[in-house]
Amino acid sequence: PPVTRTGAWVDQVVFTKQDSAEQAVSQLNAGDIDIYAYTVAEAPVYESLKNSPNLTSAQLVGSNNSLMFNPATFTSGKFNPFVDPQFREAMNYIIDRNYVVQEIYKGLAIAKFTSLTTVFPDYARYADIARELEAKYGFNMEKGEQVITERMEALGATKVDGKWTFNGEPVVLIGLIRVEDNRRPIGDYFSNQLESLGFTVDRQYKTRSEASPIWGQSDPAEGLWHFYTA
């Protein structure tokens, strides 16, 4: 007979909030939820998913994490080195993407240098350009420190006893670090790199609902954040 029904082929859909992939996989395993439509990139969780006799279907999809910088000039008068394009560019040199892939993701990731995902046809189409960029922006702590020093001094900052200062005050970088997944260790790794170069980092650990009003809804010029684990 002709079908006149519209909408879902079920009578009721119940949405629940999951605070972590570990919690979601546990509830999938117990039959408490049917679908978890989000990425699972934590190695222990992925192993439990693979080894569970109750979970026989998992789709491999791509996602990506990145570091988002606030380039605004702060109205509060606070110093923001991310206003400088060369300073932002230098962040590529102080981040070892392969370390993130192997140590944080336990191999469940691929280093990403451009807006193109490596499995997309466009990446293969422009592979020669992509490879040039990957070589140019590969991990080079020495070069990163050199560029950062040049730009910080050009912006009027000085290094005192190994710490960057501006107008006699320490240069404090506010990092919004998400806590639900691998973005927490990524945020800590990036903070460690910045601290090793003489910056003071204010690590603010936030859930999605706590972080979104700050990086997504506040005026960037308010100076409430310098970087975000996006």
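The values are calculated or read from the model by the stated rules, or taken from the named source; none is laboratory data. The shown structure was predicted, so the numbers you read here are calculated from the model rather than taken from an experiment. Cβ placement follows ideal geometry from the backbone for every residue including glycine, while neighbour counts extend to all protein chains displayed. Accessible surface is based on the protein model in full, side chains and every heavy atom, while ligands, DNA and RNA are left aside. Shrake-Rupley method; radii C 1.70, N 1.55, O 1.52, S 1.80 Å.
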TODO: Could you check how much of the accessible area of segment 82-183 is carbon and sulfur, as a whole percent, using a 1.4 Å probe?
DONE: 50
Task: Largest-first principal axis extents of the Cα set of segment 122-230 (Å) - done: 49, 37, 25
Task: Residue-by-residue Karplus 3J(HN,Hα) for segment 199-205, coefficients 6.51, -1.76, 1.60, Hz, glycine and proline x - done: 8, 9, 10, 8, 7, 10, 7
Task: R184 accessible area, assembled protein chains, probe 1.4 Å, Å² - done: 100
TODO: Leaving out ligands and nucleic acids, note down the accessible area per residue over the chain with a 1.4 angstrom probe, in whole Å².
DONE: 62
Open item on the list: Pick from I148, I186, I110 the residue whose mean-square fluctuation is largest in a GNM of the chain, springs joining Cα atoms under 10 Å.
Closed with: I110
Task: Accessible area, probe 1.4 Å, largest first, for residues K206, K17, K78, K143 - done: K17, K78, K143, K206
- [ ] With the convex hull built on the Cα atoms of segment 4-49, state its orientation-averaged projected area in nm².
- [x] 4.0
Task: Inter-probe distance in nm under a simple model that places probes 7 Å from Cα toward Cβ, at D219 and E145 - done: 3.9
Task: Hypothetical label at F113: residues of segment 169-213 whose amide nitrogen lies under 20 Å (7 Å Cα-Cβ projection) - done: none
Task: Exposure ranking of F166, F120 by accessible area [1.4 Å probe, largest first] - done: F120, F166
Task: All Cα pairs of the chain, percent lying beyond 23 Å - done: 59
TODO: Would you kindly compute the Cα radius of gyration of segment 53-113 and its largest Cα-Cα separation (Dmax), both in Å?
DONE: 17.6, 58
- [ ] Mind grabbing the accessible area of S52 for me, 1.4 Å probe, Å², rounded to tens?
- [x] 10
Open item on the list: Is there a quick way to get the dipole size of segment 77-174? I mean about its Cα centre, with the Cβ of Lys and Arg at +1 and of Asp and Glu at -1; what is the value in debye to the nearest 20?
Closed with: 240
- [ ] Please state, to two decimals, what the Cα-based radius of gyration of segment 93-180 comes to when divided by 2.2 N^0.38 Å (N = residues).
- [x] 1.44
Open item on the list: Given a Förster distance of 30 Å, report the FRET efficiency between T6 and Y38 from their Cβ-Cβ distance, rounded to the nearest 0.05.
Closed with: 0.65
TODO: For D34, D84, D122, D181, write out the residues from largest to smallest accessible area, computed with a 1.4 angstrom probe and no ligands counted.
DONE: D34, D122, D181, D84
TODO: With springs connecting C-alpha atoms under 10 Å apart, model the chain as a Gaussian network and identify which of G187, G77, G138 has the largest mean-square fluctuation.
DONE: G77
